[in-house]
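Colleague: Got a structure for you, written out below as structure tokens; questions coming shortly.
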Amino acid sequence: MKISKPSIRLLATDVDGTLLNPQFQISEGDLAALRRAHASGIEIVLVTGRRHTFALPIARQLCFDLWLISSNGAVTRSLAGETFHRDMMPAETCRKLCRAMQEFRGHSVLTFDKETKGAIVLERLDELGTSIRRWLETNMEYIEFVVPLEDALVNDPVQAMFCGSVQRMGEALRALDGAGMDGTVTVLRTEYPARDLSMIDVLNAGCSKGHALQRWAAHRGYGREEVMAIGDNHNDVEMLEFAGHPVIMGNACAELRNRGWTVTRGNDACGVAGAVDLAMGTPALVVSQSSS
């Protein structure tokens, strides 16, 4: 059967669990594939839940100029630091959220769009340290402790985040459902059951990877049928729904697997390279369609 070549002009890839392998590195095969796609004229954009600064070391490894959609869609900024769009959460909305989630203060983190100490604010480490130790160690120069957390809200934050075990964050999600925040925030979930790690990102209403990717595609003049997106987790759903060519990783969470989306290999086997081959019309490495 002859497979027609898709006309992909924009390829958006998630970072953690997608572009990064289980050792938190970009595999050589994925690196070479993205460079090959870029050289062929396909625009590459990284779309991540990470803060812009925390994603930069990953982006720089690609060795070409590109844009990053960071903080789950809240900030769109170039590798060189030029800002296209920001979608901050109003400080008053965040104050209401903090009051409603008193029980989860030890799991709470606020982030701000600056690159100094205070970019990441929390009250204490005792309930966070074991679950996101690597993230904390990497970001320590940006962390400030403020008690109560609300005192840090002199400017609008990028987002609030709750982090902990899968079970504990399930409790946090139920608390958020009853917090009276409907219509004022977006709640996004990222889970890694093998690490017993769950993160709940709370952003401004209407903010998501999908909205940010749609905005960027429109700005660049791409139709959704010219966009491929690659992801693995719950917070990638909106981005994958927007893209005309959604591709999920072989290690993708169950929620993504029942959508009928194309499945590439896992992040331990250069799954991004498989998606790039599909984008460039040589889809030998893409393994299947997920069941719809």
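Colleague: Would you confirm, using the coordinates I've provided, whether residue 37 is more than 19 Å from residue 111 (Cα to Cα), of a type in the set (Gly, Ala, Ser) and surrounded by fewer than 21 Cβ atoms within 10 Å (Cβ to Cβ)?
Modeller: Spelling it out, it is not the case that residue 37 is more than 19 Å from residue 111 (Cα to Cα), of a type in the set (Gly, Ala, Ser) and surrounded by fewer than 21 Cβ atoms within 10 Å (Cβ to Cβ).
Colleague: For region 12-55, how many residues meet the condition of being more than 21 Å from residue 233 (Cβ to Cβ) and either without any contact (Cβ under 8 Å) to a residue 60 or more places away in the chain or assigned to a strand (DSSP E or B) (or both)?
Modeller: 7
Colleague: Among the listed residues 147, 166, identify the single one that is open to solvent by 80 Å² or more (accessible area, probe 1.4 Å) and in contact with an Asp or Glu (Cβ under 7 Å, 6 or more places away or on another chain).
Modeller: Exactly one residue qualifies, and that residue is 147.
Colleague: Residue 130 passes all but one of (1) under 18 Å from the mean Cα position of the chain (by Cα); (2) modelled with pLDDT under 95; (3) not acidic (Asp, Glu); which number fails?
Modeller: All conditions are met except number (1).
Colleague: Exactly one of these conditions fails for residue 121: (1) surrounded by fewer than 13 Cβ atoms within 10 Å (Cβ to Cβ); (2) of a type in the set (A, V, I, L, M, F, W, C); (3) closer than 24 Å to residue 57 by Cα; (4) in contact with an Asp or Glu (Cβ under 7 Å, 6 or more places away or on another chain). Give me its number.
Modeller: (1)
Colleague: Among the residues of region 133-141, is any surrounded by fewer than 20 Cβ atoms within 10 Å (Cβ to Cβ) and either at pLDDT 95 or above or over 23 Å from residue 58 (Cα atoms) (or both)?
Modeller: No, there is no match, as no residue in region 133-141 is surrounded by fewer than 20 Cβ atoms within 10 Å (Cβ to Cβ) and either at pLDDT 95 or above or over 23 Å from residue 58 (Cα atoms) (or both).
Colleague: Hey, any hits in region 191-203 for a residue that's aromatic (Phe, Trp, Tyr) and out of contact with any Ser or Thr (no Cβ under 9 Å at 6 or more places or on another chain)?
Modeller: No, region 191-203 has no match at all.
Colleague: Here's something else I'd like to know. Does region 46-56 contain at least one residue that is among the small types (Gly, Ala, Ser), open to solvent by less than 10 Å² (accessible area, probe 1.4 Å) and touching a Phe, Trp or Tyr at 6+ places or on another chain (Cβ under 9 Å)?
Modeller: no
Colleague: Of all residues in region 40-96, which are over 11 Å from the mean Cα position of the chain (by Cα), charged (D, E, K, R) and within 24 Å of residue 240 (Cα to Cα)?
Modeller: 43, 65, 77, 86, 87
Colleague: On to the next question. If I filter region 3-11 for residues that are touching a residue at least 12 places away in the same chain (Cβ under 8 Å), open to solvent by less than 20 Å² (accessible area, probe 1.4 Å), under 18 Å from the mean Cα position of the chain (by Cα) and closer than 23 Å to residue 233 by Cβ, do I get at least one hit?
Modeller: Yes, region 3-11 contains a residue that is touching a residue at least 12 places away in the same chain (Cβ under 8 Å), open to solvent by less than 20 Å² (accessible area, probe 1.4 Å), under 18 Å from the mean Cα position of the chain (by Cα) and closer than 23 Å to residue 233 by Cβ.
Colleague: Turning to a different aspect of this structure: Yes or no: region 165-175 includes at least one residue that is within 23 Å of residue 53 (Cβ to Cβ) and free of Cβ contacts under 8 Å to residues at least 12 places away in the same chain.
Modeller: No, because not a single residue in region 165-175 is within 23 Å of residue 53 (Cβ to Cβ) and free of Cβ contacts under 8 Å to residues at least 12 places away in the same chain.
Colleague: In the list 103, 115, 92, 43, which residue meets the criterion of being on the phi < 0 side of the Ramachandran plot and open to solvent by less than 70 Å² (accessible area, probe 1.4 Å)? Don't jump to the end; show me each part of the working.
Modeller: Numbers: 103 fails: open to solvent by less than 70 Å² (accessible area, probe 1.4 Å); 115 fails: open to solvent by less than 70 Å² (accessible area, probe 1.4 Å); 92 fails: open to solvent by less than 70 Å² (accessible area, probe 1.4 Å).
Selected residue: 43, the only one of 103, 115, 92, 43 that is on the phi < 0 side of the Ramachandran plot and open to solvent by less than 70 Å² (accessible area, probe 1.4 Å).
Colleague: Restricting region 57-76 to residues that are open to solvent by less than 30 Å² (accessible area, probe 1.4 Å) and in a strand (DSSP E or B), which is farthest from residue 197 (Cα to Cα)?
Modeller: Among those residues, the one meeting the criterion is 76.
The values are calculated or read from the model by the stated rules, or taken from the named source; none is laboratory data. Values in this document were obtained by computation on a predicted structure and should not be read as measured data. Every residue, glycine as well, gets a Cβ built from its backbone with ideal geometry; the counts of neighbours run over all protein chains shown. The area values use the complete protein model at the heavy-atom level, side chains included, leaving out ligands, DNA and RNA. Shrake-Rupley method; radii C 1.70, N 1.55, O 1.52, S 1.80 Å.
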